[in-house]
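Here's the structure, in structure tokens; my notes come after.
The values are calculated or read from the model by the stated rules, or taken from the named source; none is laboratory data. The model shown is predicted, which means the values in this text are computed figures rather than measured ones. Cβ placement follows ideal geometry from the backbone for every residue including glycine, while neighbour counts extend to all protein chains displayed.
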Amino acid sequence: MALDHPESTVATAPGPPADLDRTTSPQMPGRRRGVLRALILLLGAFVFLFPFYYMLIGSLQAEPDTSLSGVVPKGNLTLENYSEINGAVNLGRSLVNSGIFTGGVLLFTVVFGLLAGYALARLQFRGRGTIFALVLLVQVVPFQLLLIPLYVLIVRSYNLADSYLGMILPFAINTTAVFIFRQFFLQLPDDLFSAARIDGAGELRILWSIAIPLVRPALLTTILLTFIGPWNEFLWPFLVTKQADMQPLAVSLANYISNVAARAANPYGAVLAGACVLAAPAVILFVAFQRSFRTSDIGSGVKG
Amino acid sequence: MKRMPPALTLVPALALVLTATAACGGGGGGDAQEAAKATGPIKVWLSNNKEEVAWGKAMVEAWNAAHADQKITAEEIPAGKSSEEVIGAAITAGNAPCLIFNTAPAAVPQFQKQGGLVPLDDLDGGKAYVEDRTGSVAEQYKSPDGKYYQIPWKSNPVMIFYNKKVFAKAGLDTEAPKLATYDDFLAASRKIVQSKAASAAIFPAPSSEFFQSWFDFYPLFIAETDGKQLVADKKAQFDSPEGLRVAGMWKTMYDEGLAPREKYNGDAFGDGKSAMAIVGPWAIAVYGEKIDWGVAPVPTSTGKPAEAIKTFSDAKNVAMYSACTNRGTAWEVLKFATSKEQDGKLLEVTGQMPLRKDITAAYPEYFSKKPDYKTFAAQAARTVEVPNVPNSVTIWQTFRDAYSESVIFGKKPVDETFKAAAEKVTALAGQS
Amino acid sequence: MSQMSTATLAGPRRRVTTLLGRHPVGMVFVTPYVLFLAAVFAYPLGFAVWMSFHDYFFAAPGAIVDRPFVGLDNYKTVLTDPAVRRSFYNIVIFLVINVPLTVVLALVLATALNAAIRGRTFLRVAYYVPYVTASVAVVGVWLFLFSADGLVNSLLGPLAPDPSWLVNESLAMPTIAIFVTWKQLGFFILLYLAALQNIPKELYESAAMDGAGPLRTFWSVVVPAVRPATTLVVILATITGANLFTEPYLLTGGGGPNGASASPVLLMYQRGVEQGNPDVAAAIGVLLVIGVILISLVNRRLIERD
């Protein structure tokens, strides 16, 4: 069973926004260095991508072949493992459930997380320090410690078993996102806000007409980061949903991988095919949007 | 970077939370008497084993057709170890279904302690029904307070499957191989591995989940002691001479490389990696076509005759859960699902043995059609269950850790480790 | 913290604002998040802490059970349990391998990536892909690769360890450490990339003028300049590592050979959920949280010292 929590806490000082596509390190002369650099990078990329390649190949094998020659497929390819999954798991329904679960989390996070991040960054009020400390504490405490009390709370007290809200609730506002928003708002120039205040604008007005229009870059980053958690989350929906048509993709596939796959003609292949199906949407989404993924909002101001 | 929180604001917040917590917990209990008579729609859970689901769905349809006002809704839960976690969580949350057709006897003490189960004795004719259907074997399923919190449903008597092709390749007899004594078993295993007919003679999972001992140590222990449970009379039994003999046999298997120490991700027997497997008849549905298999009883040190050998039942039972409001219906469904007809269907569809008296006599047609299963049916009458004692899961985990350390990985001597574990286990079994 | 410019306020408002802060509307903005935290975090955490001081198990609603206060008993049980001690030791092994490896690899790869011009998109995607995929999916292929007759052992031939990686008592945890490093590296590379962007060009130029070669530049310009990022990476990696659950659970189900790859959170799950002893599990959890906070504070002090 898996639990995937992307976690990040960030330093607080502001800094100039950075652009990933701009090189700031000076042009190092010497072709040798360039070659060395390329070699390191390619080796790294190979190490990172090879397991995925192997996963793909393994899922297409008709008979499990763990030898060295099996790495490069020569025949022995079939799509049967995938059709088996299609027969055993309702992929469409699971995708929809994952979508609703993840979408719900994104919605709550973007609305309430943004408000909280802005307030923590730009407004001074009683309890701000405590809340920020709590934000940090949330990162440290493992989910398993909270698991059963949370389950009792949501299923017994709130009666939300087998419901989307029950799945969403523990993850509703992603604390990392709050952090990123806070970080982002911190590094906006003060003058924007002080000028508006001097002009007599109310805080709500400032939020609406100044802060929100500027937040777009951070928004995409936050969405991409926040997406990973609920999409890959297994343990919580597993406990909370019993009806097969409420289960998100991670649960359906994990169920398939651990129970049904052993009965398939090629168990290894079936497991890997399940894994590929689970990994695909997240990877595709990331590849599609990675250009808009700016490190500025996560890590700028990581100096001092 | 991090700001130390003003402790003053955290403390009262926490205090508030704690007092609120202490105040909740404990609500009104339902009226058990009324619930016992109530009828209406109910929910049941089935394991997600393909064949069991097929049986379950057919059973539910048959019932629903005849009882439109007391419909059953069936859902699936994971069949593996995670089913206990799911059920435990459901009990805590108060949303467990009326019946769960996948209640592991090892988990029953825990569910009972949680207040999650309904004693069948309190239902109309409950005790008589259970004992009538299952006979003397039912005794083992009683809880320490003498009541039945589960109905013995089906068993998978554990025996030794062997791959006839691999045996032939190793030069062993395929029709009646000599596997009755430990010496015979070891000799056969050595031959298999040396001749490279398979990479392992037998491949029980060497990982440390609490239930793995049910498929290596426990069946042989039961056979060797002629039916003793791991814990009897609130005392651990496995550090006896018989227990040490069984452990010694397995230790030799691991030491000589006849059984691997690494978990295989997949089915070792099904993939031809091991020549034998120690499983119950549910495996026939899985291997039936793939492997030309034969079956033999588990070995004993002296080679007892097959008709006298007892083994582990690997039973899965049905229990009624206290969250159930329409217990009247639930009880009727339970009786329906374990009736002679439905038991027969279960046998046909899954090949698993209903825990019923004299099944060979009850279903003569089936057994004449499928003589393979007759061996299992005969064995099913001589099965032993896990002990129904408090802290059952912790006890099995403690034992497994000791077994893993001394027998599988040979880090410590067996007799010391078993003795230490036995003390812990006896202490755990004595709690209430 | 950036300074806010102060606006002049009228008399009575001043009293309110000093009580509630200058922008009390901030409390309104933060309220949904705070409610969320209170319900979903503070309450279960408080409950867990309370549980650790009682003889507690979960019962069906309506069941009457005795839950006596037992003071530090659970903590005593936990601290004298060899399995628990082993799990904390395992985490230390994990951290000792994972954290330095993460820092070094992330910085090196980020530096290289920063200077590279071609194929940048491809490389970025390549490094981030493991982070984005669910452990459940990726674990399957790792088990496949590292099994006794898997690809890695075929490549190593006679050098392959016996027993093989994940069942080898001394190699199980290191193997998991490498898996997790691989999986999380993308995120840390990104953190370092951002920090590298902020290094002013002048530093590089003055180093070049002093005649420093690439290695020297790396050592005396880059490394000190990214120190805050390093602190962050170390603390984050430590927290994630200490709370390790998924990987030991999936890769070595049950805690590995002899508990050699059990992590404290895995034990918490076993004791709390599987065996029905949430009080003991809560004690382990509280100890873990305290430990992590302490280590993080120490780490921060150590790195930011010189």
Some residue of the range C:136-150 being closer than 30 Å to A:Arg33 by Cα and facing chain A (nearest Cβ under 9 Å): no
Some residue of the range B:262-273 being over 30 Å from C:Phe144 (Cα atoms) and in contact with a Phe, Trp or Tyr (Cβ under 8 Å, 6 or more places away or on another chain): no
Members of the range B:357-393 that are crowded, with 19+ Cβ neighbours inside 10 Å, of a type in the set (S, T, N, Q) and more than 15 Å from the chain's Cα centre (by Cα): B:Gln379, B:Asn391
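Yes/no per residue for (1) surrounded by 24 or more Cβ atoms within 10 Å (Cβ to Cβ); (2) in a helix (DSSP H, G or I); (3) not aliphatic (A, V, I, L, M):
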residue	(1), (2), (3)
B:Asp314	yes, no, yes
B:Ala330	yes, yes, no
B:Val333	no, yes, no
B:Phe336	no, yes, yes
B:Asp343	no, yes, yes
B:Leu347	yes, yes, no
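Would you call C:Leu244 among the hydrophobic types (A, V, I, L, M, F, W, C), assigned to a loop (DSSP other than H, G, I, E, B) and touching a residue at least 40 places away in the same chain (Cβ under 8 Å)? Talk me through it step by step, then tell me what you get.
Values: among the hydrophobic types (A, V, I, L, M, F, W, C): yes; assigned to a loop (DSSP other than H, G, I, E, B): yes; touching a residue at least 40 places away in the same chain (Cβ under 8 Å): yes.
Taking the combined requirement at face value, the residue satisfies it.
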Residue in the range B:218-243 that is surrounded by the fewest Cβ atoms within 10 Å (Cβ to Cβ), counting only those that are over 12 Å from B:Ile309 (Cβ atoms) and among the charged types (D, E, K, R): B:Asp233
Which numbered condition C:Ser220 fails, given (1) in contact (Cβ under 8 Å) with a residue 40 or more places away in the chain; (2) more than 7 Å from every other protein chain (Cβ to nearest Cβ); (3) of a type in the set (S, T, N, Q); (4) under 21 Å from C:Arg300 (Cα atoms): (1)
Listing of helices (runs of 4 or more DSSP H) fully contained in the range B:39-128 that carry 1 or more residues being assigned by TED's automatic domain parsing to the domain that holds B:Tyr321 and closer than 18 Å to A:Leu239 by Cα: B:82-93, B:108-113
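Identify, from the list A:Gln139, A:Gln144, the residue that is facing chain C (nearest Cβ under 7 Å) and within 17 Å of the chain's Cα centre (by Cα).
Details: A:Gln144 fails: within 17 Å of the chain's Cα centre (by Cα).
Only one candidate qualifies: A:Gln139.
Name the single residue, out of those in the range B:37-50 being surrounded by 19 or more Cβ atoms within 10 Å (Cβ to Cβ) and in contact (Cβ under 8 Å) with a residue 40 or more places away in the chain, that is farthest from B:Gly328 (Cα to Cα). Before the answer, list the steps.
Within the range B:37-50, the first condition is being surrounded by 19 or more Cβ atoms within 10 Å (Cβ to Cβ), and the residues that meet it are B:42-49.
Narrowing further to those that are in contact (Cβ under 8 Å) with a residue 40 or more places away in the chain: B:42-47, B:49.
On the way: B:Ile42: 10, B:Lys43: 13, B:Val44: 14, B:Trp45: 17, B:Leu46: 20, B:Ser47: 23, B:Asn49: 28 Å.
Here the answer is B:Asn49.
Could you please find all residues in the range B:93-136 being within 20 Å of C:Val273 (Cβ to Cβ) and among the small types (Gly, Ala, Ser)? Working first, answer last.
Let us first name the residues in the range B:93-136 that are within 20 Å of C:Val273 (Cβ to Cβ), namely B:93-97, B:100, B:102-117.
Once the filter is applied, which keeps residues that are within 20 Å of C:Val273 (Cβ to Cβ) and among the small types (Gly, Ala, Ser), the range B:93-136 yields B:Ala93, B:Gly94, B:Ala96, B:Ala104, B:Ala106, B:Ala107, B:Gly115, B:Gly116.
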Which numbered condition A:Arg122 fails, given (1) buried (at least 20 other Cβ atoms within 10 Å of the Cβ); (2) at pLDDT 85 or above; (3) in contact with a helix residue (DSSP H, G or I) (Cβ under 6 Å, 6 or more places away or on another chain): (2)
Search result, residues across the range A:173-210 that are on the phi < 0 side of the Ramachandran plot, surrounded by fewer than 23 Cβ atoms within 10 Å (Cβ to Cβ) and small (Gly, Ala, Ser): A:Ser194, A:Ala195, A:Ala196, A:Ala201, A:Gly202, A:Ser209
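Restricting to the range C:165-208, and then to whatever is aromatic (Phe, Trp, Tyr) and closer than 13 Å to C:Ala106 by Cβ, can you tell me which residue is farthest from the other protein chains (Cβ to nearest Cβ)? Walk me through how you get there before you give the answer.
Start the filter on the range C:165-208 by keeping residues that are aromatic (Phe, Trp, Tyr), which leaves C:165, C:179, C:182, C:187-188, C:192, C:204.
Narrowing further to those that are closer than 13 Å to C:Ala106 by Cβ: C:182, C:187-188, C:192.
Numbers: C:Trp182: 7, C:Phe187: 7, C:Phe188: 10, C:Tyr192: 8 Å.
Residue satisfying both the conditions and the ranking: C:Phe188.
For residues that are in a loop (DSSP other than H, G, I, E, B) and more than 13 Å from chain C (Cβ to nearest Cβ), scanning just the range B:245-271, find the one that is nearest to B:Pro299 (Cα to Cα). First the steps, then the outcome.
Going residue by residue through the range B:245-271, those that are in a loop (DSSP other than H, G, I, E, B) are B:256-271.
Subset that is more than 13 Å from chain C (Cβ to nearest Cβ): B:256, B:258, B:267, B:269-270.
Numbers: B:Glu256: 18, B:Leu258: 16, B:Asp267: 22, B:Phe269: 19, B:Gly270: 22 Å.
Going through the qualifying residues, I end up with B:Leu258.
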Residue that is farthest from A:Arg37 (Cα to Cα), among those in the range C:105-115 that are touching a Ser or Thr at 6+ places or on another chain (Cβ under 8 Å) and within 7 Å of another protein chain (Cβ to nearest Cβ): C:Asn114
Residue selected from the range B:395-408 under the condition out of contact with any Phe, Trp or Tyr (no Cβ under 8 Å at 6 or more places or on another chain) and surrounded by fewer than 24 Cβ atoms within 10 Å (Cβ to Cβ), by the criterion farthest from C:Thr252 (Cα to Cα): B:Thr398
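Based on this model, can you work out whether C:Leu155 counts as at pLDDT 75 or above, assigned to a helix (DSSP H, G or I), closer than 24 Å to B:Pro206 by Cα and not aromatic (Phe, Trp, Tyr)? Before you say what the answer is, go through the steps one by one.
Working: at pLDDT 75 or above: yes; assigned to a helix (DSSP H, G or I): yes; closer than 24 Å to B:Pro206 by Cα: no; not aromatic (Phe, Trp, Tyr): yes.
The answer is no for C:Leu155.
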Single condition C:Phe58 does not satisfy, out of (1) under 26 Å from the mean Cα position of the chain (by Cα); (2) crowded, with 21+ Cβ neighbours inside 10 Å: (1)
Residues located in the range B:177-203, provided they are polar (S, T, N, Q) and farther than 24 Å from B:Pro305 by Cα: B:Gln194, B:Ser195, B:Ser199
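State whether one or more residues within the range C:38-53 are out of contact with any helix residue (DSSP H, G or I) (no Cβ under 9 Å at 6 or more places or on another chain) and not assigned by TED's automatic domain parsing to the domain that holds C:Leu294.
Keep residues of the range C:38-53 that are out of contact with any helix residue (DSSP H, G or I) (no Cβ under 9 Å at 6 or more places or on another chain), which gives none.
Looking for residues that are out of contact with any helix residue (DSSP H, G or I) (no Cβ under 9 Å at 6 or more places or on another chain) and not assigned by TED's automatic domain parsing to the domain that holds C:Leu294, one finds none in the range C:38-53, hence no.
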Scan of the range C:264-306 for residues that are over 21 Å from the mean Cα position of the chain (by Cα), crowded, with 17+ Cβ neighbours inside 10 Å and without any contact (Cβ under 8 Å) to a residue 24 or more places away in the chain, ordered by number: C:Arg271, C:Gly272, C:Val273, C:Glu274, C:Gln275
Odd one out for B:Gly126 among (1) under 22 Å from A:Leu160 (Cα atoms); (2) touching a strand residue (DSSP E or B) at 6+ places or on another chain (Cβ under 8 Å); (3) small (Gly, Ala, Ser): (1)
Cβ-Cβ under 9 Å pairs, at least 6 apart or on other chains, the range C:22-33 side among the β-branched types (Val, Ile, Thr), far side surrounded by fewer than 17 Cβ atoms within 10 Å (Cβ to Cβ): C:Val25/A:Gly202; C:Val25/A:Leu204
Test: residue in the range A:88-109 that is facing chain C (nearest Cβ under 7 Å) and farther than 30 Å from A:Leu188 by Cα: no
